[in-house]
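Below is one structure, written out as structure tokens; the observations come after it.
The values are calculated or read from the model by the stated rules, or taken from the named source; none is laboratory data. Please read all numbers here as calculations on a predicted model, not as lab measurements. So basically every Cβ, Gly included, is an ideal-geometry build from the backbone, and we count neighbours across all protein chains shown. Note: accessible area is taken over every heavy atom of the protein model, side chains too, but ligands, DNA and RNA are not part of it. Shrake-Rupley method; radii C 1.70, N 1.55, O 1.52, S 1.80 Å.
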Amino acid sequence: MNVRSFVDEDAPAVAALMSAEEERLYSRPGRVTGADILMFLHWSKEAWVWEEDGRMVASATYGVHGDAADIRGVVADKGRGLGTEILERGEAFARAEATKKILAGAPEPDTAARALFESRGYREARRFYEMAIELTEAPSAPVAPTGLVVDELREDEYEAFYDALNEAFAEHWEWHPDPFDEWLERRRGQHRDDHGPVWFVIRDGDELAAVTRNDADVAGGGYVGAIGVRPAWRGKGLGKALLQATFAEFWRRGTRRVTLDVDSENATGAVALYERVGMHVDACGVAFEKANE
């Protein structure tokens, strides 16, 4: 067994591992791509792969989010102790980083992962849904309350967008925003691409009342990376209007599948909103937690 650091060229193989696991657990084709892997690695400090006879059999990432170490892994060959090794390496990483706690994630149907986590003192902390919609007809045009305007983000509005999103997510479980300069370095230029706008806002005069940050191609479709309505403007249908604008833009591009991830316990009623606009729960992930001792 060869254990080594991840390099960018490993992304397609890691994506294939994750897609195979998705197919095994959900009985449908996996959709993870190499580009998805590289995008999500921005949040990791370390990434490792396990190889045997030239074949990748496992991978893991370790990062720090707020006061928690984050462990993510996938194993192709079950029953060989690779999951335990990934977890032990992650716990050593957490001790080195001196975090207060450790978060580890697994798909909800993965009973073996749950048994491993619970045997080492982890408890279920949260569930997250991946929700999806397959667009079969042109979406309704976005409708905002009188005096408010649905619009794309302008080049000089990154900081206002950042502030609005963080205000909207301030009470979200484990929300720990990056400093603005780091966020801007990663996000600059992503608000639109060669085909048009990707991020949308709702304006109330000079204020950004609600915002959505979308990605044009994640897991083979459009992706709502974050959507938030500032507290003073909630209950006015702004989240629905942003989703309508998003769906309309993806439809215009020929993209028919749109997904997002949401905390199942979201206090603002997000899950119900997404269901009302036609989305359904396509997968469920579980976050497990324990103190870093």
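Some observations on this one:
- Of everything in the range 235-252 that is over 22 Å from the mean Cα position of the chain (by Cα) and among the charged types (D, E, K, R), the residue that is surrounded by the fewest Cβ atoms within 10 Å (Cβ to Cβ) is Arg252.
Okay, residues lined up against (1) in a loop (DSSP other than H, G, I, E, B); (2) touching a residue at least 12 places away in the same chain (Cβ under 8 Å); (3) not aliphatic (A, V, I, L, M):
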{"site": "Arg114", "(1), (2), (3)": "no, yes, yes"}
{"site": "Gly121", "(1), (2), (3)": "yes, yes, yes"}
{"site": "Arg126", "(1), (2), (3)": "no, yes, yes"}
{"site": "Ser140", "(1), (2), (3)": "yes, yes, yes"}
{"site": "Pro145", "(1), (2), (3)": "yes, yes, yes"}
{"site": "Asp151", "(1), (2), (3)": "no, yes, yes"}
{"site": "Glu157", "(1), (2), (3)": "no, yes, yes"}
{"site": "His176", "(1), (2), (3)": "yes, yes, yes"}
{"site": "Ile202", "(1), (2), (3)": "no, yes, no"}
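- Just one of (1) open to solvent by 70 Å² or more (accessible area, probe 1.4 Å); (2) under 17 Å from Leu243 (Cβ atoms); (3) small (Gly, Ala, Ser) fails for Ala132. It is (1).
- Test: residue in the range 254-272 that is touching a Lys or Arg at 6+ places or on another chain (Cβ under 8 Å), surrounded by fewer than 18 Cβ atoms within 10 Å (Cβ to Cβ) and of a type outside the set (D, E, K, R): yes
- Of all residues in the range 27-50 being over 29 Å from His176 (Cβ atoms) and open to solvent by 60 Å² or more (accessible area, probe 1.4 Å), the one that is modelled with the lowest pLDDT: Pro29
- Helices (runs of 4 or more DSSP H) completely within the range 1-100 that count 1 or more residues being farther than 30 Å from Gly222 by Cβ, touching a residue at least 12 places away in the same chain (Cβ under 8 Å) and in contact with a helix residue (DSSP H, G or I) (Cβ under 7 Å, 6 or more places away or on another chain): 82-97
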